[in-house]
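Shown next, in C-alpha coordinates, is the structure this report addresses.
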Amino acid sequence: METSTSVGVTISFAAGILSFLSPCVLPLIPSYVTFVTGLSLEDVSRARRIALVHSLLFVLGFTLIFMALGATATTVGRLMGYNREWVGRIGGVIVIVLGLYLIGAFNFSWLARERRVHVTNKPLGYLGTVVVGMAFAAGWTPCIGPILGAVLTFTASSADLNRGLILLLAYSMGLAVPFVLAALMIERFMHLFQRFKGFMLWTSRISGALLIIVGVMMLTDTMRLLTQYLQPFTPEFLRSRL
(Lines give C-alpha, C1' and ligand atoms only; values in the text may rest on other atoms or scores of the structure.)
Protein backbone atom coordinates (compact mmCIF):
# COMPACT_ATOMS: atom_id res chain seq x y z
CA MET A 1 0.00 0.00 0.00
CA GLU A 2 1.47 3.36 -1.05
CA THR A 3 1.36 6.46 1.09
CA SER A 4 -1.22 7.95 -1.32
CA THR A 5 -3.41 4.94 -0.58
CA SER A 6 -2.99 5.60 3.16
CA VAL A 7 -4.27 9.15 2.65
CA GLY A 8 -7.18 7.78 0.61
CA VAL A 9 -7.98 5.23 3.32
CA THR A 10 -8.14 7.98 5.94
CA ILE A 11 -10.46 10.06 3.76
CA SER A 12 -12.66 7.06 2.95
CA PHE A 13 -12.92 6.01 6.61
CA ALA A 14 -13.89 9.56 7.59
CA ALA A 15 -16.48 9.58 4.78
CA GLY A 16 -17.98 6.38 6.21
CA ILE A 17 -18.33 7.95 9.65
CA LEU A 18 -19.98 11.03 8.15
CA SER A 19 -22.40 8.75 6.27
CA PHE A 20 -23.36 7.15 9.59
CA LEU A 21 -23.93 10.59 11.11
CA SER A 22 -26.04 11.83 8.19
CA PRO A 23 -29.52 13.16 9.10
CA CYS A 24 -31.49 10.31 7.53
CA VAL A 25 -29.27 7.41 8.67
CA LEU A 26 -28.48 8.25 12.30
CA PRO A 27 -32.09 8.59 13.52
CA LEU A 28 -32.97 5.18 12.07
CA ILE A 29 -30.12 3.24 13.69
CA PRO A 30 -32.30 2.02 16.60
CA SER A 31 -34.88 0.77 14.10
CA TYR A 32 -32.22 -1.10 12.14
CA VAL A 33 -30.79 -2.62 15.30
CA THR A 34 -34.17 -3.91 16.47
CA PHE A 35 -35.10 -5.06 12.96
CA VAL A 36 -31.97 -7.13 12.30
CA THR A 37 -31.88 -8.62 15.81
CA GLY A 38 -35.62 -9.19 16.15
CA LEU A 39 -35.45 -7.78 19.69
CA SER A 40 -36.90 -4.74 21.41
CA LEU A 41 -34.54 -1.96 22.49
CA GLU A 42 -34.78 -3.18 26.10
CA ASP A 43 -33.92 -6.75 25.06
CA VAL A 44 -31.06 -5.59 22.84
CA SER A 45 -29.35 -3.94 25.79
CA ARG A 46 -29.49 -7.26 27.67
CA ALA A 47 -28.57 -9.56 24.78
CA ARG A 48 -25.28 -8.07 23.67
CA ARG A 49 -24.02 -11.28 22.06
CA ILE A 50 -27.05 -11.46 19.75
CA ALA A 51 -26.72 -7.75 18.98
CA LEU A 52 -23.02 -8.20 18.15
CA VAL A 53 -23.56 -11.18 15.84
CA HIS A 54 -26.40 -9.57 13.90
CA SER A 55 -24.71 -6.19 13.64
CA LEU A 56 -21.55 -7.83 12.26
CA LEU A 57 -23.62 -9.76 9.71
CA PHE A 58 -25.41 -6.55 8.73
CA VAL A 59 -22.00 -4.93 8.28
CA LEU A 60 -20.88 -7.90 6.16
CA GLY A 61 -23.88 -7.41 3.88
CA PHE A 62 -23.29 -3.76 3.06
CA THR A 63 -19.51 -4.23 2.89
CA LEU A 64 -19.89 -6.86 0.16
CA ILE A 65 -22.01 -4.47 -1.93
CA PHE A 66 -19.73 -1.48 -1.38
CA MET A 67 -16.63 -3.46 -2.33
CA ALA A 68 -18.39 -4.77 -5.44
CA LEU A 69 -19.16 -1.16 -6.37
CA GLY A 70 -15.52 -0.31 -5.73
CA ALA A 71 -14.37 -3.07 -8.07
CA THR A 72 -16.79 -1.80 -10.73
CA ALA A 73 -15.58 1.78 -10.36
CA THR A 74 -11.99 0.62 -10.64
CA THR A 75 -12.81 -1.30 -13.82
CA VAL A 76 -14.34 1.84 -15.32
CA GLY A 77 -11.24 3.77 -14.32
CA ARG A 78 -9.04 1.17 -16.02
CA LEU A 79 -11.05 1.42 -19.23
CA MET A 80 -10.40 5.16 -19.20
CA GLY A 81 -6.86 4.78 -17.91
CA TYR A 82 -5.27 5.88 -21.15
CA ASN A 83 -6.10 9.45 -20.10
CA ARG A 84 -5.75 9.18 -16.31
CA GLU A 85 -5.07 12.89 -15.85
CA TRP A 86 -8.43 13.88 -17.34
CA VAL A 87 -10.20 11.13 -15.40
CA GLY A 88 -8.88 12.71 -12.20
CA ARG A 89 -9.92 16.21 -13.29
CA ILE A 90 -13.42 15.22 -14.33
CA GLY A 91 -13.76 13.17 -11.13
CA GLY A 92 -12.65 16.20 -9.13
CA VAL A 93 -15.38 18.34 -10.67
CA ILE A 94 -17.99 15.67 -9.90
CA VAL A 95 -16.85 15.43 -6.28
CA ILE A 96 -16.92 19.22 -5.89
CA VAL A 97 -20.49 19.31 -7.25
CA LEU A 98 -21.53 16.59 -4.78
CA GLY A 99 -19.90 18.57 -1.97
CA LEU A 100 -21.76 21.75 -2.95
CA TYR A 101 -25.00 19.75 -3.00
CA LEU A 102 -24.39 18.53 0.56
CA ILE A 103 -23.72 22.00 1.94
CA GLY A 104 -26.97 23.19 0.34
CA ALA A 105 -25.58 25.38 -2.44
CA PHE A 106 -28.18 23.93 -4.81
CA ASN A 107 -30.64 21.08 -5.02
CA PHE A 108 -30.98 18.19 -7.46
CA SER A 109 -34.43 16.62 -7.25
CA TRP A 110 -33.13 13.32 -8.64
CA LEU A 111 -30.57 13.15 -5.84
CA ALA A 112 -33.11 14.05 -3.17
CA ARG A 113 -35.58 11.39 -4.30
CA GLU A 114 -35.69 8.51 -1.83
CA ARG A 115 -34.48 5.18 -3.23
CA ARG A 116 -34.48 3.00 -0.15
CA VAL A 117 -35.01 -0.71 -0.55
CA HIS A 118 -37.85 -1.50 1.84
CA VAL A 119 -37.61 -4.90 3.53
CA THR A 120 -40.89 -5.19 5.40
CA ASN A 121 -40.27 -8.72 6.62
CA LYS A 122 -36.69 -9.72 7.28
CA PRO A 123 -35.76 -13.19 5.99
CA LEU A 124 -35.25 -15.63 8.82
CA GLY A 125 -31.94 -16.37 10.42
CA TYR A 126 -28.46 -14.95 10.16
CA LEU A 127 -28.51 -15.00 6.36
CA GLY A 128 -31.48 -12.65 6.49
CA THR A 129 -29.41 -10.09 8.36
CA VAL A 130 -26.76 -10.21 5.63
CA VAL A 131 -29.50 -9.67 3.02
CA VAL A 132 -30.80 -6.63 4.92
CA GLY A 133 -27.27 -5.21 5.00
CA MET A 134 -26.99 -5.70 1.24
CA ALA A 135 -30.36 -4.01 0.73
CA PHE A 136 -29.19 -1.08 2.85
CA ALA A 137 -26.09 -0.65 0.69
CA ALA A 138 -27.93 -1.10 -2.59
CA GLY A 139 -30.66 1.46 -2.09
CA TRP A 140 -30.16 3.93 0.76
CA THR A 141 -30.07 7.41 -0.78
CA PRO A 142 -29.84 10.38 -0.79
CA CYS A 143 -27.97 10.46 2.52
CA ILE A 144 -25.05 8.17 1.75
CA GLY A 145 -25.40 8.57 -2.01
CA PRO A 146 -23.37 11.78 -2.53
CA ILE A 147 -20.63 10.71 -0.10
CA LEU A 148 -20.44 7.17 -1.49
CA GLY A 149 -20.51 8.56 -5.03
CA ALA A 150 -17.53 10.77 -4.22
CA VAL A 151 -15.59 7.81 -2.79
CA LEU A 152 -16.40 5.75 -5.90
CA THR A 153 -15.33 8.63 -8.16
CA PHE A 154 -12.06 8.92 -6.26
CA THR A 155 -11.65 5.15 -6.56
CA ALA A 156 -12.27 5.20 -10.32
CA SER A 157 -9.55 7.82 -10.76
CA SER A 158 -6.98 5.42 -9.30
CA ALA A 159 -7.78 2.59 -11.77
CA ASP A 160 -6.14 0.14 -9.35
CA LEU A 161 -8.28 -2.82 -8.27
CA ASN A 162 -6.49 -3.52 -4.97
CA ARG A 163 -6.53 0.15 -4.04
CA GLY A 164 -10.19 0.44 -4.98
CA LEU A 165 -11.14 -2.49 -2.77
CA ILE A 166 -9.11 -1.08 0.12
CA LEU A 167 -10.76 2.34 -0.19
CA LEU A 168 -14.28 0.89 -0.19
CA LEU A 169 -13.38 -1.42 2.70
CA ALA A 170 -12.21 1.66 4.64
CA TYR A 171 -15.47 3.45 3.82
CA SER A 172 -17.44 0.40 4.98
CA MET A 173 -15.49 0.26 8.23
CA GLY A 174 -16.15 3.95 8.86
CA LEU A 175 -19.85 3.17 8.61
CA ALA A 176 -19.55 -0.16 10.43
CA VAL A 177 -17.62 0.73 13.57
CA PRO A 178 -20.15 3.25 14.97
CA PHE A 179 -23.04 0.98 13.95
CA VAL A 180 -21.64 -1.97 15.91
CA LEU A 181 -20.88 0.27 18.89
CA ALA A 182 -24.43 1.65 18.78
CA ALA A 183 -25.85 -1.89 18.70
CA LEU A 184 -23.79 -2.92 21.72
CA MET A 185 -24.56 0.27 23.69
CA ILE A 186 -28.03 1.12 22.42
CA GLU A 187 -29.14 2.92 25.59
CA ARG A 188 -26.05 5.11 25.56
CA PHE A 189 -26.57 5.74 21.86
CA MET A 190 -30.16 6.87 22.44
CA HIS A 191 -29.02 9.27 25.16
CA LEU A 192 -26.31 10.80 22.95
CA PHE A 193 -28.66 11.03 19.98
CA GLN A 194 -31.26 12.98 21.98
CA ARG A 195 -28.54 15.28 23.24
CA PHE A 196 -26.87 16.06 19.91
CA LYS A 197 -29.61 15.59 17.28
CA GLY A 198 -29.87 19.35 16.87
CA PHE A 199 -26.37 19.38 15.38
CA MET A 200 -27.04 16.81 12.64
CA LEU A 201 -27.51 19.47 9.97
CA TRP A 202 -23.85 20.31 10.40
CA THR A 203 -22.95 16.75 9.46
CA SER A 204 -24.06 17.37 5.88
CA ARG A 205 -22.17 20.66 5.80
CA ILE A 206 -18.99 19.09 7.15
CA SER A 207 -19.37 16.22 4.66
CA GLY A 208 -19.82 18.71 1.84
CA ALA A 209 -16.76 20.69 2.89
CA LEU A 210 -14.69 17.50 3.02
CA LEU A 211 -15.84 16.50 -0.48
CA ILE A 212 -15.04 19.95 -1.87
CA ILE A 213 -11.51 19.73 -0.44
CA VAL A 214 -11.00 16.24 -1.88
CA GLY A 215 -12.43 17.36 -5.24
CA VAL A 216 -10.06 20.31 -5.43
CA MET A 217 -7.17 17.99 -4.56
CA MET A 218 -8.20 15.64 -7.38
CA LEU A 219 -8.67 18.51 -9.80
CA THR A 220 -5.26 20.05 -9.08
CA ASP A 221 -3.37 16.79 -8.49
CA THR A 222 -2.62 18.00 -4.96
CA MET A 223 -3.08 14.46 -3.63
CA ARG A 224 0.23 13.47 -5.18
CA LEU A 225 1.94 16.53 -3.68
CA LEU A 226 0.41 15.80 -0.27
CA THR A 227 1.72 12.26 -0.50
CA GLN A 228 5.23 13.54 -1.20
CA TYR A 229 4.95 15.97 1.73
CA LEU A 230 3.79 13.29 4.17
CA GLN A 231 6.36 10.72 3.09
CA PRO A 232 9.16 11.97 5.44
CA PHE A 233 6.75 11.89 8.40
CA THR A 234 5.85 8.24 7.88
CA PRO A 235 7.62 6.00 10.45
CA GLU A 236 10.25 3.78 8.87
CA PHE A 237 8.65 0.55 10.11
CA LEU A 238 5.41 1.59 8.38
CA ARG A 239 7.07 2.94 5.26
CA SER A 240 8.70 -0.43 4.61
CA ARG A 241 5.22 -1.98 4.55
CA LEU A 242 3.48 0.68 2.44
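Considering only region 200-242, state which residues are at pLDDT below 75 and of a type in the set (Phe, Trp, Tyr).
Across region 200-242, the qualifying residues are 229, 233, 237.
Determine, yes or no, whether residue 130 is modelled with pLDDT of 85 or more, more than 21 Å from residue 24 (Cβ to Cβ) and assigned to a helix (DSSP H, G or I).
yes
Is there any pair with a first residue in region 94-105 that is surrounded by 21 or more Cβ atoms within 10 Å (Cβ to Cβ) and a second that is at pLDDT 85 or above whose Cβ atoms are under 7 Å apart and which are 6 or more apart or on different chains, and what are they?
99/209; 99/212
Taking into account only those residues within region 1-13 that are surrounded by 18 or more Cβ atoms within 10 Å (Cβ to Cβ) and closer than 18 Å to residue 207 by Cβ, which is modelled with the lowest pLDDT?
Of everything passing the filter in region 1-13, 8 is modelled with the lowest pLDDT.
Can we say residue 181 is at pLDDT 90 or above, out of contact with any Gly (no Cβ under 7 Å at 6 or more places or on another chain) and surrounded by fewer than 20 Cβ atoms within 10 Å (Cβ to Cβ)?
Criteria met by residue 181.
Residues that are under 27 Å from residue 195 (Cα atoms), part of a helix (DSSP H, G or I), in contact (Cβ under 8 Å) with a residue 60 or more places away in the chain and more than 19 Å from the chain's Cα centre (by Cα): does region 54-65 have at least one? I'd like the intermediate steps shown before the answer.
Filtering region 54-65 down to residues under 27 Å from residue 195 (Cα atoms) leaves 54-56, 58-59.
Applying the additional criterion that residues be part of a helix (DSSP H, G or I) yields 54-56, 58-59.
Within this subset, residues satisfying the condition of being in contact (Cβ under 8 Å) with a residue 60 or more places away in the chain are 54-56, 58-59.
Those still in the list that are more than 19 Å from the chain's Cα centre (by Cα) too: 54.
Yes - at least one qualifying residue is present in region 54-65.
In the list 41, 21, 98, which residue meets the criterion of being within 15 Å of residue 152 (Cβ to Cβ) and either modelled with pLDDT of 80 or more or out of contact with any Lys or Arg (no Cβ under 8 Å at 6 or more places or on another chain) (or both)?
98
I need a count of the residues in region 14-46 that are in a loop (DSSP other than H, G, I, E, B) and either among the aromatic types (Phe, Trp, Tyr) or surrounded by 17 or more Cβ atoms within 10 Å (Cβ to Cβ) (or both).
Number of matching residues: 4.
Against the conditions (1) within 13 Å of the chain's Cα centre (by Cα); (2) at pLDDT below 80, where does residue 171 fall short? Just the number, please.
Condition (2) is where residue 171 drops out.
The values are calculated or read from the model by the stated rules, or taken from the named source; none is laboratory data. All values derive from a computational prediction rather than experimental measurement. Counting neighbours? That spans all protein chains shown, and the Cβs are built from the backbone with ideal geometry, glycine included.
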